[in-house]
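Please treat every number below as a calculation from the coordinates, not as lab data. Bear in mind that the values here come from a model prediction, so they are computed numbers and not experimental data. Here the Cβ is made from the backbone with ideal geometry for all residues, glycine too, and neighbour counts use every protein chain on show.
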Amino acid sequence: MVINQAYLFLIFTLDGLLIGLLFDFFRILRKSFKTVNLITYVEDILFWILTGISIIFCMYRFSGGSLRLFMFLGLGFGLIFYMLTFSKMIIAIFVFLLTAIKKTIHQIIKIIIIPFRFIYKMMDKIIFRPTYLCYIKTRTFLTKKLQKIDYKLNNLEKFKKNVKNS
């Protein structure tokens, strides 16, 4: 009986360690990636669901569904032990790794984009700028012509009014 209880205490201590690791997983995600509040809430809910599943699984799998105080003491002991010993080291390592991976991916993307930038610059010189200059010249030309036509129409209208009034 005592051996069984010690075994259950050890199992729930390990489950507490696992819950601490799961908690740090979500902390690492938050430190590595900026997320909106909604995502943070979803992560919190997911953490508690996974924690509940872990505790219920261990409770039914190893103790036949019975609830004892030493099980919760084992959970607490495992969680506190993990937080005091491994947590800072695990977070530092994984945040460093994720930051390094993000920087590496960013550098790879910058290298991949180089040919596209070159193509864009060439197209800008060959196609876009001349097309834009033609557009500006055409617009300026048409604007001047339309102003002349408008001026002539206004003069014609004035002439017609003068002829009618005389």
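Details
- Karplus (6.51, -1.76, 1.60) ³J(HN,Hα), θ = phi - 60°, over segment 136-144, in Hz, Gly and Pro reported as x: 4, 4, 5, 5, 4, 4, 5, 4, 5
- Length-normalised contact order of the chain in % [C-alpha pairs under 8 Å, at least 6 apart]: 32 percent
- Per-residue Cβ neighbour rank within 10 angstrom, fewest leading, ARG139, ARG27: ARG139, ARG27
- Near LEU153, once Lys and Arg are set to +1 and Asp and Glu to -1 for all other residues with Cβ below 13 Å from its Cβ, the sum equals +4.
- Order by protection proxy (mean Cβ within 10 Å, highest first), peptides 7-13, 94-100: 7-13, 94-100
- Rg and Dmax of segment 19-166, both derived from C-alpha coordinates alone, stand at 36.2, 115 Å.
- Segment 50-69 and segment 10-48 have Cα centres spaced 19 Å apart.
- Residue order for MET83, MET122, MET71, fewest other beta carbons within 10 angstrom first, comes to MET122, MET83, MET71.
- Cα gyration tensor shape of segment 88-166, rounded if a/c is under 1.5, else prolate or oblate by comparing a/b with b/c: oblate
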